[in-house]
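The values are calculated or read from the model by the stated rules, or taken from the named source; none is laboratory data. Because the structure is predicted, anything quoted here is derived from the model rather than measured. Quick reminder, even Gly has a Cβ in these numbers, built from the backbone with ideal geometry, and neighbours come from all protein chains shown. Each accessible area value is taken on the protein alone, full model and side chains, heavy atoms only, with ligands, DNA and RNA left out. Shrake-Rupley method; radii C 1.70, N 1.55, O 1.52, S 1.80 Å.
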Amino acid sequence: MPLHERYLVNVDLSTVPLLRTRCLVIGGGIAGLSAALAAARNGQVILASKAPLVESNSSYAQGGIAVALADDDTAELHIEDTLRAGGGLCDREAVRILVNEGRERCRELIDMGIEFDRVGGRIAFTREGAHSRRRIIHADGDATGKAVIGAMLAAVERNPNILVLENHFAIDLLHMDGACRGAFFLDTRYGRYIRAEAGFTVVAAGGPGQVYRETTNPSIATADGYAMCFRAGAELADMEFVQFHPTTLYLPGAPRFLISEAVRGEGAYLINQEGERFMPRYSEQAELSPRDVVSQSIFKELAATRDTCVYLDLRHLNPDTVARRFPTIKSVCANYGVNISTDPIPVRPAEHYMMGGVATDMNAATRVRNLYAAGETAFTGVHGANRLASNSLLEGLVFGHRAGMAEPVPVGDAGPAALQKRLPARGTSLDIDDICQSLKAVTWRNLGAFRNAERLAETVETLQSWSRYVLAEEFHMSPGFEVQNMLTTAWLITESALRRNESRGAHQRTDFPATDPAWTRHSRIAIDSDDKERSS
Ligand code: SIN
């Protein structure tokens, strides 16, 4: 069975309750909310989320939003920093849009009433790796995501044009003849199916964090958006570029809780078990090097010292400032017996963000008519081979908004029979948790910060053999669909990583350690007209 296929649940679509809307948004993070609020200016919107809306990856964002609003900053400097961090693969036009419209979108957030932190009455800007200026706005110290998403959710609730469907898992997009017609959902609270037909659909379903054993992402980050858009015929780009965040809490039994890059921005050091500040040995910018450089340096340091973690040292910083700036980090670390002002915090890198994704144009449109993608699900070209810190919320805001402003293209009616994909049922009671754990073990070993052809080829083979029976299984609950999506996405990442025979940004090949100018281009992967997977 080809990897892009998956058995839909064996229900007759014509018996499934139907909702119709002008715009359907799948995903309740910053990109989905931005899209829904924009689309609601022009008509009815359904905003569907597989979890309660407060539970998105964006809600956990700590550092903040990078935006060139400070007196000593300019759009040009922000553009240059983004391009430099991206290792030659950013799309300059997309970055220009990101930075310029980002200022407008952030002013709207301020007008919405979000209280970004201030010093002396003026907005405070913090610094993160590879930024040449203090440029990151933040709220409640290190709880920016919660403040921003909270305010946007309140705006959604007040908007009569938006119907919210929480706990609705998008099983698949409804599509035919190269056009998307909406999606087919499972209401996970009541076990009911519904069908939503839409003039246009925006997929803003987050990233692939759970594909990896170690990730900063919450459990809902199961790569659903990539897999469903791939199955619907969209093209994906640069899926090999997976960002590892340098500093996540590393204690037995504790979650891989993010320790924001802003902590280093405010002056924290990275030290090894010997207490040596090691980053200056790897890079002139030390702890404030681009994120790929810091993560890779930590992995090298761990390999050289045969240790399992390094430490983030804040002991030289003013404890009152630390407590005010990082209340969440302080409190979570305290739960595990770490006082961040007196104890170095044990940390190591973990999967954090996908730079590639569903390929879109500057208006967030995919190659499938009436299908748009935004946020971490999308590949707009702004991040290149390594995302500049705190550009992700900005991207969600800007390109989510652009997606929401789309106009549906008339594609004619398609009745349920035409959209139906009835497939023979197969149920063999697979152990979903076992598949998940096996997948995470393989990806962590072979798809991490350093890769080679032998391991990647072995991984492609392994994933294909698992897919033969996992994708052929008829599931009825979201964990089954999620594991299918993760498997498909792991395969997309591996295929893309195997093809890129060079090292650049977050993609390091030990068998091709140099950057190859011939690879200053994006990798692409899609289903071709002959129904075969094609990558280039
Ligand atoms: C952080 O706070 O370190 C994460 C910010 C980001 O991923 O851009």
Sorted by chain and number, the residues with a modelled amide H under 5 Å from that of GLY448, at a separation of 5 or more or across chains, are none
What do you get for chymotrypsin sites (Phe, Trp or Tyr not before Pro) in segment 185-234 restricted to DSSP loop and a cutoff of at most 16 other Cβ within 10 Å of the site's Cβ?
TYR190
Taking each pair of distinct Cα atoms in the chain once, what is the resulting Kirkwood hydrodynamic radius in Å?
23.2
For ASP91, ASP72, ASP111, ASP187, write out the residues from largest to smallest accessible area, computed with a 1.4 angstrom probe and no ligands counted.
ASP111, ASP72, ASP91, ASP187
Solvent-accessible area of LYS532 with every protein chain in place, 1.4 Å probe, in Å² to the nearest 10:
130
So, over other residues within a Cβ distance under 12 Å of HIS383, counting Lys, Arg +1 and Asp, Glu -1, the net charge is -3
Karplus couplings for segment 138-144 from phi (6.51 cos²θ - 1.76 cosθ + 1.60, θ = phi - 60°), rounded to Hz, Gly and Pro as x?
8, 9, 6, x, 10, 10, 4
Using Cα-Cα distances under 8 Å and only pairs 6 or more residues apart, what relative contact order does the chain have, in percent?
24
Given Cβ point charges of +1 (Lys, Arg) and -1 (Asp, Glu) and nothing else, what value in debye, to the nearest 20, does the dipole of segment 451-517 about its Cα centre take?
240
Considering only DSSP beta bridges whose two residues both sit in the chain, what percent are antiparallel, to the nearest 5?
65
In segment 294-357, the trypsin sites (Lys or Arg not before Pro) that sit in a DSSP loop and have at most 16 other Cβ atoms within 10 Å of their own Cβ are ARG306, ARG315
Per DSSP H run of n ≥ 4, the term is -39500 (n - 2.57); total these for the chain, divide by its residue number, and report the mean residue ellipticity at 222 nm rounded to 500 deg cm²/dmol.
-10000 deg cm²/dmol
Set LYS146/LYS300; LYS330/LYS440; LYS146/LYS330; LYS50/LYS146, cut-off 26 Å on Cα-Cα distance; pairs above it are LYS146/LYS300; LYS330/LYS440
What are the ³J(HN,Hα) values, in whole Hz, obtained from phi via the Karplus relation 6.51 cos²θ - 1.76 cosθ + 1.60 with θ = phi - 60°, for each residue of segment 319-330 in sequence order, with x given for Gly and Pro?
x, 5, 4, 4, 5, 6, 6, 10, x, 5, 4, 4
Summed over the other residues with a beta carbon less than 15 angstrom from that of LEU77, with K and R at +1 and D and E at -1, the charge totals +1
Ranked output for segments 139-148, 394-403 by mean other Cβ atoms within 10 Å, highest leading, reads 394-403, 139-148
Any chance you could check the Cα centroid distance between segment 482-536 and segment 271-322 for me, in angstrom?
30
